[in-house]
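Worksheet: the structure to be examined is printed underneath.
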Amino acid sequence: MTAQDVIQVILYFALLIGLTPVLGNYMSQVFNGERHFMLPIFGWLERLIYKFIGVNPYEEMNWKSFARGLLLFNLIGFVFLFIIQLTQGYLPMNPGHLPNVLWHSAFNTSVSFVTNTNWQGYAGETTLSYFVQMVGLTVQNFVSAATGIAVLLAIIRGFSRKTTDQLGNFWTDLTRSTLYVLLPLSIVFAIVLVSQGVVQNFKTYETVQTLQGAQQIIPMGPAASQIAIKQIGTNGGGFFNANSAHPFENPTPLSNFLEMLFILLIPAALTYTYGKMVGSTRHGWTIFSVMMILLVTGLSISLYAEYSTNPVFGNLPLMEGKETRFGITNSVLWSTFTSAASNGSVNTMLDSLSPLAGMVAMINLMLGEIIFGGVGAGMYGMVIFIILTVFIAGLMVGRTPEYLGKKIEAFEVQMAIIAILAPSFVILLFTAWASVSSAGLSGLNNSGAHGFSEILYAYSSAAGNNGSAFAGLNANTVFYNITLGLGMLIGRFGVILPVLAIAGNIAKKKITPPSAGTFRTDNWLFIGLLIAVILIVGGLTFFPALSLGPIIEHLIMTN
Amino acid sequence: MTTKQNTSLFNKKILIQAAKESVTKLNPSLLIKNPVIFIVAIGSFLTSIVVIEGIYEGSYSSFNLQIAVWLWFTVLFANFSEAIAEGRGKAQAESLRNNRTQTKARKIEGKKEVSTFATELKKGDIVVCESGDIIPSDGEVIEGIASVDESAITGESAPVIRESGGDRSAVTGGTKVISDRILIRITSEQGNTFIDRMIALVEGAKRQKTPNEIALSILLSGLSIIFLLAVATLPAFFAYSLSASGLPMSQNLTIPVLIALLVCLIPTTIGGLLSAIGISGMDRLLQRNVIATSGRAIEAAGDVDVLLLDKTGTITLGNRMATDFIPAEGVIAAELANIAQLSSLSDETPEGRSIVILAKEKFNIRGREVHRLNATFIPFTAQSRMSGVDFKSEDGRSHQIRKGSSEAIRTFVQNNNGFFPQKVQDTVSELARLGATPLVVAEDNRVLGVIHLKDIVKGGIKQRFAELRKMGIKTVMITGDNSLTAAAIAAEAGVDDFMAEATPEDKLHRIRKEQANGHLVGMIGDGTNDAPALAQADIGIAMNSGTQAAREAGNMVDLDSNPTKLIEVVEVGKQLLMTRGALTTFSIANDVAKYFAIIPAIAISLYSGKTGIGPLSALNVMNLGSPQSAILSAVIFNAIIIILLVPLALRGVRYRPVSANAALTRNLLIFGLGGLIAPFIGIKLIDIIINLTI
């Protein structure tokens, strides 16, 4: 690594840490319904929306009606997205005259964007019209992220309130997070991106003559607006197929730096919001530290693996598949951050990463996207691991385990287990199915352990609602579109529903005031414990699979 | 205590009985109560079928047989741990029950007395007991007074008084009347007395899982499902890898190997020991002569963070004691002590005796025969509010010595034409402010000084409270004293808070208030008027000497009627939860080493090319002898660790009164880190032994 790389990494983390309390504090004001500076700007719109959808924003919901609202909203989003893809040929804003999308691809894409996964089995510029991209995908980029925040807010209220079953109002949370958090940030960021050269227009694709004299089609479109939210909302669905490696999506080192910052910004800031809203910012920083330590550890391993000598090819670090404009460091930073943050965007081909760096990315997905993770989703996923940790370790102090004064009992444990099982179920069973069925194997471009890694990565990405691909796997087939689609649904709602159930149950409990006999959940010991539980539970579940993929590949390479 | 006799860990009789029961517990309808062990049993069964099938088809595999045998042992060991805990619990309970199985009862029917078996008594029946009779069942004295020998249940040989009305009316079945005659109304039928309920709690079949045990079982089942998933998908991953390595599908994983891996990964250690831990928690309580009416109560005891403690008997010794003689002006201390001792020689109250003792200790004033001094003792009355002696001195003059409250003595000396010095009045006020009781001593018309009577705080109690504070438990002292006195004693004993002039309603109110603030409250009480508070408290311990109402209201009964028992009960509860947590952590941490043993063993041939030793053998960090010995070692380790941990499960992890953080750090180091390292060593050792014997 050069000095410049090191400075960039330091600057990055300094900015991330510095912005966390600022944005986190602002978000807690927004979600608590306090006064804040965006209220005069968008307040009228918020009230208009409530009037339009006929919702009383002050009406509280219990967990079941909260979940019902959420499912209904996501179902409507899915059906709408599915229909406009199947009929895009008849719809406006289709200058490329792209045909209607195939049903299984449309199913996969609809699920993918509704679940905040943004797995793309298709190539954006040759498959989807501007109408579908803007009215369909970009809208889902906002609201799927807002859905994640709403779920997080429900569980926060579960912990901070006592002896009630009221968890807030889903529609209010959805509206506020979209209007006051996602939208303003995206507008500002889109303008910055345009200044860096990201395209934002409705032109038809241009055909140019290259220097060699060949004909090349240059795709156009309203890219900047979608790219802003794709990073801010940890979505990752690129406007173009090459995603953030495409110069129209990510033109300059500055745009690259800022996009990386925005990928982790909201998930990081939500830890502060969490702390603030449960009444102890120390708890928020505890979780931030856990995420940060896991992130930096993974990053270090990846950097080490990428900068070490590749024994097969000789001395130099390999540039194959890397983001050549920005270098290896920025390729590795990007792959680590996106895999950690449930952001499916790529600026480098993960398939070309060294086995260890690829494994780090894979582990980030398998742990359940909790290292910062998706917007809202990372934080509520972490709460699941906290519940497990508190339950196992909390017993060792000789009391019924409790977190934030709430007793963790059979129901919470049961739901936490379901939330951990759901994605694991997807990853292991679907990978097993794909690795022995001809439908699964036919999509492979590589054989051997690497091919296995490609399949494993795909389902991990779906289950973790990440959306990035190892590539090298042709997933736009009926088999993969359907199984990955199901995987995304199970990975999303198989976690959201147990989390909401926990929120509902935990809100009913009393709050035990802390004493010297209370197991502390805001110190270094707890940070270490939580990390250990995450790694051991995740590691034990996936060690056999990993050992037959990246581990064996690494051993073959170094022998 | 009589119940301590059977507590040695490995009583031969219990061991043999437990060994037998570990086989009878193989009954599937019993096994299914423990999901983790049930999975192991199914695995053992399937492996056995594979072995038998192999013999039948002529492809006998000694490896498979060994796996099957050790899997069965895993189940048996788990059963054994439960059986031995039950055996110990039962042995303890039996010793309580023994002496009343064949008791005859003298039942009153109308005016007649009918002899009947104790087992046939119904609730509400009235029986009569005279000296020498064994009380047939739990009941309440409705007429008469008697001394009762309760040594059968408490181990305490001194008889206790039981009388109708008041707070000492409850009697326990199995105890013996040694004097007088009482009529008893039976309050519980045989089979439903406290002891019967306790026995039911330690007997596996009737035992209900407690809330925390249920939650832990769910976690263990959940982990089992995750590992089932990880193991079940492995053949597919292997099929892919085998075809990629150009190996035949016949090399795929066999059922015994898959089951061995599964059994090693699922939390069998804690799964196998879980019920033993729960039962031995009851058992430890019983060893302390406390009977719990539910397992839930013991768990809740660990959570208690506010303790309401009666001052008298718990914090202070029962009575006030003289601690100092403060003479009036012009009087030397020895003279005051001399007169005070004289006034108290015939005073049989504890206060009076303590004055005699103090005089002897401080001024070496010996006891004298009161009647040789021609003295008459004047006892304390509510009217005079003083006591003392009248005697004639050698010169024939009669003297009056009195001790009593300052008001009474003031009247006394003024009647004798004396005066009450201001200095003495100041001393009296000062002592009262400190929470002590001042007794003024006067002879005729002269005030000699003040005796400092003090509530004596029990030795070591302050340290006990400091320990409780470290554990995060708040102590509240309850007393009928005025708040000045209460505050002084509270400060001396080091309790966190006190309630002065407390009525039963105040107690109840206080408990509700603490609970509303999220606290769990424990209290101990004896009187009928304590019953509502005992029922309201999360842990209510009724003293065995108390009323039947109190015993029904609480969820534990202390046979020794010792108020400090509450603290021990809390410790037992905490120890129970800690043991569960520690062994769960140990069990999960063990899996890391097992993976490192089994994964390289089963994947050795993958991508191996011609050498037959594939790249994953690099994970064989323990350098185990062969793939088969590696798998076998892991399975054997997994089985015998259960047996090795049985003593720990029965005894509970060492409990120390330290803060939550300190306890956690300690247990994490021992059971977390230890659990990570121990199996690496254990599996390696077993592997060495296996390879030596082959």
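Derivation of every value follows stated rules applied to the coordinates shown; laboratory data play no part. Predicted, not measured: the structure shown is a model, and the values here were computed from it. Note: ideal-geometry Cβ built from the backbone for every residue, glycine included; neighbour counts use all protein chains shown.
List of remarks:
- Dividing the summed -39500 (n - 2.57) terms of all DSSP H runs of n ≥ 4 by the residue count of chain B sets its mean residue ellipticity at 222 nm at -16000 deg cm²/dmol.
- Cα gyration tensor shape of chain B, rounded if a/c is under 1.5, else prolate or oblate by comparing a/b with b/c: prolate
- Prolate/oblate/rounded call for segment A:432-559, Cα gyration tensor, a/c under 1.5 rounded: oblate
- Computed over neighbours whose Cβ is under 13 Å from that of B:ASP324, the net charge equals +1, Lys and Arg +1, Asp and Glu -1.
- Span from the segment A:279-297 Cα centroid across to the segment A:478-556 one, whole angstrom: 15 Å
- Degrees separating the helix B:350-363 axis from the principal Cα axis of chain B, which is the longest one: 80 degrees
- The share of Cα pairs per 10 Å bin across chain A, counted from zero up to the longest distance, runs 4, 19, 30, 28, 15, 4, 1, 0 percent.
- The charge dipole of segment B:251-361, taken about the Cα centre with unit charges on the Cβ atoms of Lys, Arg (+1) and Asp, Glu (-1), comes to about 620 debye, rounded to the nearest 20.
- In plain terms, the residue of B:LYS33, B:LYS123, A:LYS406, A:LYS276 with the fewest other Cβ atoms within 10 Å comes first and the most crowded comes last, giving B:LYS123, B:LYS33, A:LYS276, A:LYS406.
- Sum of -39500 (n - 2.57) over DSSP H runs of 4+, divided by residues of chain A (222 nm, nearest 500): -20000 deg cm²/dmol
- Taking 22 Å as the straight-line reach from the Cα of B:LYS112, the lysines in range (excluding those fewer than 8 positions away in the same chain) are B:LYS104, B:LYS122, B:LYS123.
- Semi-axes of the equivalent ellipsoid for segment B:33-74, computed as √(5λ) from the eigenvalues of its C-alpha gyration tensor and ordered from largest down, come to 22, 10, 5 Å.
- Those lysines that a straight Cα-Cα span of less than 21 Å connects to B:LYS423, excepting residues fewer than 8 apart in one chain: B:LYS403, B:LYS454
- For segment B:441-581: Kirkwood Rh in Å [reciprocal of mean 1/r, alpha carbons]: 16.8 Å
- Degrees separating the helix B:255-265 axis from the principal Cα axis of chain B, which is the longest one: 30 degrees
- Considering only alpha-carbon pairs that sit under 8 angstrom and 6 or more positions apart, the relative contact order computed for segment A:90-238 is 26 percent.
- Here the alpha carbons of segment B:242-359 define both size measures, Rg and Dmax, at 35.2, 113 Å.
- The Cα atoms of the protein assembly as shown define a convex hull whose projected area, averaged across directions, is 64.8 nm².
- Legend: helices of chain A (whole DSSP H runs) are marked when their alpha-carbon atoms reach 18 angstrom or more along the helix axis and their mean Kyte-Doolittle hydropathy is at least 1.0; marked are A:3-31, A:63-86, A:139-160, A:183-196, A:253-278, A:377-394, A:410-425, A:478-507, A:524-546.
- Mean Cα-pair separation over length for chain B, i.e. relative contact order, pairs under 8 Å, 6 or more apart, %: 14 percent
- Members of A:LYS510/B:LYS33; B:LYS20/B:LYS209; A:LYS406/B:LYS458 lying beyond 28 Å, as alpha-carbon distances in this model show: A:LYS510/B:LYS33; A:LYS406/B:LYS458
- Normalising the average separation of contacting C-alpha pairs (under 8 angstrom, six or more residues apart) by the number of residues puts the relative contact order of chain A at 19 percent.
- The label-point distance for A:ASN201 and B:GLU329, in a model that sets each label 7 Å from Cα toward Cβ, rounds to 11.2 nm.
- Beta bridges per DSSP with both ends in the protein assembly as shown, % antiparallel, nearest 5: 80 percent
- Alpha-carbon Rg with Dmax, taken over segment B:336-470, Å: 16.9, 65
- For segment A:499-559, the alpha-carbon coordinates run over 57, 29, 12 Å along the three principal axes, in decreasing order.
- Listed by chain and number, the lysines whose alpha-carbon sits under 25 Å from that of A:LYS203, ignoring those within fewer than 8 places in the same chain, are A:LYS230.
- Per-residue mean of foreign Cβ neighbours for B:222-235 is 5 (Cβ atoms of other chains, 10 Å radius).
- Across the options A:GLY464, A:ALA475, B:PHE465, the greatest Cα extent toward the positive end of the charge dipole of the protein assembly as shown (unit charges at beta carbon of Lys, Arg, Asp, Glu) belongs to B:PHE465.
- Neighbour counts of other Cβ atoms within 10 Å put A:TRP433, A:TRP63 in the fewest-to-most order A:TRP433, A:TRP63.
- Spin-label zone in segment A:196-212 - amide nitrogen under 18 Å from a point set 7 Å from the Cα of A:HIS97 along the C-beta vector: A:203-208
- Charged side chains reduced to their Cβ positions (Lys and Arg at +1, Asp and Glu at -1) give the protein assembly as shown a dipole of some 700 debye around its Cα centre.
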